[in-house]
Amino acid sequence: MFDHVEFSSSECSPYPISPQPDGAATKQERAHPRVLVVDDEMLIASTIAAILNENGFEAQAAFSGEEALSTARTFRPDILLTDVLMPKMSGVELGMQLSKELPEARILLFSGQAATMDLMRKAEADGYYFELFPKPIHPEELLTRLRGL
């Protein structure tokens, strides 16, 4: 998918971001949007986070829905970019939960699976609407779309 940045699957996020302490810069005061990238395939999440960090975003990777919720509580992302089909908690379930905890965060899903549409329809029936990106997505297209938010 991305061939110019490599990480071993045992690495965690290549650019860990320290959480903002209370009283730190607000979303409007930050120079770079924060993106939490979630995929159960560590290489994909780490690579996307690295690309975003190199291109004007503050990004952190998480490798499960549960880890993403925990990370989001301290990292406070402006954007959640999550794979849809993951074990235990889908990206749609993650997006619905994060929308409750951080209603100002933009939720973006990406998937290459046809089964995604059933999950999307269920979320829409519950009043949640998420933008869906195709997977794989070229890094330049992803950057363009994120910058347009």
Item to complete: Kindly list, by first and then second residue, each pair from a residue in region 58-76 that is farther than 17 Å from Pro103 by Cβ to a residue that is assigned to a strand (DSSP E or B) and among the basic types (Lys, Arg), limited to pairs with Cβ atoms under 8 Å and residues at least 6 apart or on different chains.
Response: Glu58/Arg34; Ala59/Arg34; Gln60/Arg34
Worksheet entry | Single residue of region 64-85 satisfying the filter (surrounded by 22 or more Cβ atoms within 10 Å (Cβ to Cβ) and assigned to a loop (DSSP other than H, G, I, E, B)) that is modelled with the lowest pLDDT | Val84
Practice prompt. Those residues that are of a type in the set (D, E, K, R) and either modelled with pLDDT under 85 or under 18 Å from Pro77 (Cβ atoms) (or both), I need them from region 123-149; list them, please.
Written response: Glu131, Lys135, Arg145, Arg147
Worksheet item: Taking region 48-63 as the region of interest, how many residues are within 16 Å of Ser111 (Cα to Cα) and in a helix (DSSP H, G or I)?
Response: 1
Item to complete: Just name the residue that is surrounded by the most Cβ atoms within 10 Å (Cβ to Cβ) out of those in region 36-63 that are acidic (Asp, Glu) and within 21 Å of Gln113 (Cβ to Cβ).
Response: Asp39
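The values are calculated or read from the model by the stated rules, or taken from the named source; none is laboratory data. Predicted model, so just to flag it, every value in this text is computed and none were measured. In this analysis, Cβ positions are derived from the backbone assuming ideal geometry, glycine residues included, and neighbour counts consider all displayed protein chains.
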